[in-house]
């Protein structure tokens, strides 16, 4: 695997299908210089590529099956003929530098884990997302949805993966970890969080202790660690709440809509280009299911950059 | 217990102590016509009342002990001499119509459950908060922090309590319930949510199915039900994210700060006046720990109104 290897894009994943993924691949290639290989139904993909005159610019690998967005587990992947499974195989074999998919998070996680394997000593993978903070920096939220029922030991490992990501991708020196819980005092939380807090205190990293829901965007810590159920709900709650707050401002008629849209874009799922699935033997970026072309392109850029740095992908 | 019975205010609860709670009681009494009885260290409370010339206006019941904000369980309440425990006793005995406390949620819940008792067939109490939606209405978030490790059966009961609250307090006819989870498709979620979804489908209420983090403020459903750990994190995440988004708008200099503050107040913990602790034999309102006088006053109004309607407080 060299840095010149293309990013492999699961072109059938996502709510909007090949129309948006192919457009995103063309953008990634032409505007960001990222080589991309598309995986999916070759006929459909070539027809989309033809619309941009990009048939000879972007390679296509045929995969006849599509994993439905409602698919959670590995069931439908058993044939190995889905665009997701074939894409994972390309990366595993070294023909691709990294995988990007806007498919069902559950399906991408289970397929990638099976095909690419967990890095040594990693119990479960976790999704890391960098959220912009009011202080102008970013906070890594991990796990944003890969493992919905982790053990406390897994949560402690997620923190380590998040620290590596903050160090190597965001350039933070000695990142501070906070455990998402209810109440900032020690001992507050559900059973999982209380035990995870004890384990986090034993790690050779800077542990702030508990943080709360209002700390996620406040820049209180560099890494907010939680289980994948809570993390995914928080991630989507941030998106929805930003939208709601700015809609109230717009409805009050006190700010120009185009300037509000700029603020909204800071929190758009497209801004961070997707979530990095950490803890595997190769780079995987899961783009939002609702991603349009520009977001897919951004995810390809992030995947290329992550695969070059190899950062945060091994514990 | 008559409607003329006063609201009992735990005057020692909250981050800011008697200075704010007493000021809040005076506001509740003078501006909203709510009779209030203060419970706490009588000397301190009378000194504060004197500052407003309200010594003869508002009754004081002495309680020598204070429950620290870090207190989670019933330990420190064993003496029964804390302002919280004495306040609960006043309500239990009928000398108060309802209890308001800005103390530690965990302490208020455990003390209130012990003193007031759960309503028949209620397994665990739950906190209900009405959040303003972008559609101009409100969505009940339940449980917002009373029971951090519920069983699926408890979560299904929380939904029933939330429906009653939406019907009787917000005036919604046949409220629609959504289960907070990850992914809108059936079968998505952690173990707790997946089992709770099965139970919710069996209830004689309108069940939308799963909703996600971005649905909380979108008006998708009338009641968003979840466990108290996730619900408390979401509640505080909404507060923090509104703050962050409006701070970005303010920093961009595209809207007048005073008009932005108006929008912020819609989501302020003070706006909804506190969380109603449902499932007990009497009305209990838990105000935000950071509550200032106006928020305390609003919580007293909500408690008075809830105790009059007796709405949502019995399953």
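Each reported figure results from applying straightforward, stated rules to the coordinates on display, with no laboratory input. Every value quoted in this text rests on a predicted model; they were computed, and no experiment measured them. Cβ atoms come from the backbone with ideal geometry, glycine included; neighbour counts cover every protein chain shown.
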Report summary line: Expected integer from the mean partner chain Cβ neighbour count at 10 Å over B:147-154 is 2
Requested in this report: Using only the Cα atoms, work out Rg/Rh for chain A, with Rh taken as the Kirkwood radius, to two decimals.
Outcome: 0.98
Query - Highest-MSF residue in chain A out of A:166, A:47, A:282 [GNM, Cα springs under 10 Å] - result: A:47
Report task. Find the relative contact order for the range A:17-158 and round it to a whole percent, using C-alpha pairs within less than 8 Å whose residues are 6+ positions apart. Result -> 15
**Report entry** Average projection area in nm² (convex hull over Cα atoms of the range B:174-224, one quarter of hull surface)
**Finding:** 3.2
Report summary line: Of A:251, A:275, A:112, the most mobile residue in a GNM of chain A (C-alpha springs, cutoff 10 Å) is A:251
Report task. Distance from a point 7 Å along Cα→Cβ of residue A:81 to each backbone N in the range A:12-30: keep the residues under 20 Å and list them by number. Result -> A:12-13, A:18
Requested in this report: Would you kindly work out, in nm and rounded to one decimal, the distances from the label point of residue A:151 to those of the same position in each other copy, ordered shortest first, with label points 7 Å along Cα-to-Cβ?
Outcome: 2.5
Report summary line: In deg cm²/dmol, rounded to the nearest 500, the helical mean residue ellipticity at 222 nm of chain A, built from -39500 (n - 2.57) for every DSSP H run of length 4 or more, is -13000 deg cm²/dmol
Query raised in the report: Contour minus end-to-end for residue B:202 and residue B:57, with contour as 0.36 nm per residue of separation and end-to-end as the Cα-Cα distance?
Result: 47.1 nm
Report summary line: Taking Rh as the Kirkwood radius computed over alpha-carbon pairs of the range B:124-269 and applying Stokes-Einstein at 25 °C with viscosity 0.890 mPa s, one gets a diffusion coefficient in µm² s⁻¹ of 157
Report task. Grab every C-alpha pair in the protein assembly as shown, bin the distances at 10 angstrom width from 0 up to the longest one, and report whole percents. Result -> 3, 17, 25, 24, 17, 8, 4, 2, 0
**Report entry** Pairwise centroid distance, computed over Cα atoms, of the range B:121-140 with the range B:196-272, Å
**Finding:** 10
Query raised in the report: Along Cα→Cβ at 7 Å, what distances in nm separate the residue A:206 label point from those on the other copies, shortest first?
Result: 5.1
Query raised in the report: If you average the sequence gap of Cα pairs under 8 Å that are 6 or more apart and divide by the length of chain A, what percent do you get for the contact order?
Result: 24
**Report entry** Selected from B:232, B:210, B:190 as most flexible by GNM, with chain B as the system and alpha-carbon contacts under 10 Å
**Finding:** B:190
Query raised in the report: Taking Cα pairs under 8 Å and at least six residues apart, what relative contact order does the range B:124-269 come out at, in percent?
Result: 30
Query raised in the report: Say R0 is 25 Å: what FRET efficiency, to the nearest 0.05, do residue B:258 and residue B:305 get from their beta-carbon distance?
Result: 0.25
Query raised in the report: What is the range B:36-169 by shape, rounded, prolate or oblate, if you read a ≥ b ≥ c off the alpha carbon gyration tensor as root eigenvalues and call it rounded for a/c under 1.5, prolate for a/b larger than b/c, and oblate otherwise?
Result: prolate
Requested in this report: From other protein chains only, count the Cβ atoms within 10 Å of every residue's Cβ in A:181-189, then give the mean.
Outcome: 6
Query raised in the report: What per residue convex hull volume, in Å³, comes out for the range A:1-45 when only alpha-carbon positions are used?
Result: 73
Requested in this report: For residue A:171, place a label point 7 Å out from Cα along the Cα→Cβ vector, do the same in each other copy, and report the separations in nm, one decimal, smallest first.
Outcome: 5.6
Report summary line: Note on chain A, DSSP bridge orientation, antiparallel percent to nearest 5 equals 30
Report task. Just tell me how shielded B:253-264 is by partners: mean number of partner chain Cβ atoms within 10 Å of each residue's Cβ, no decimals. Result -> 4
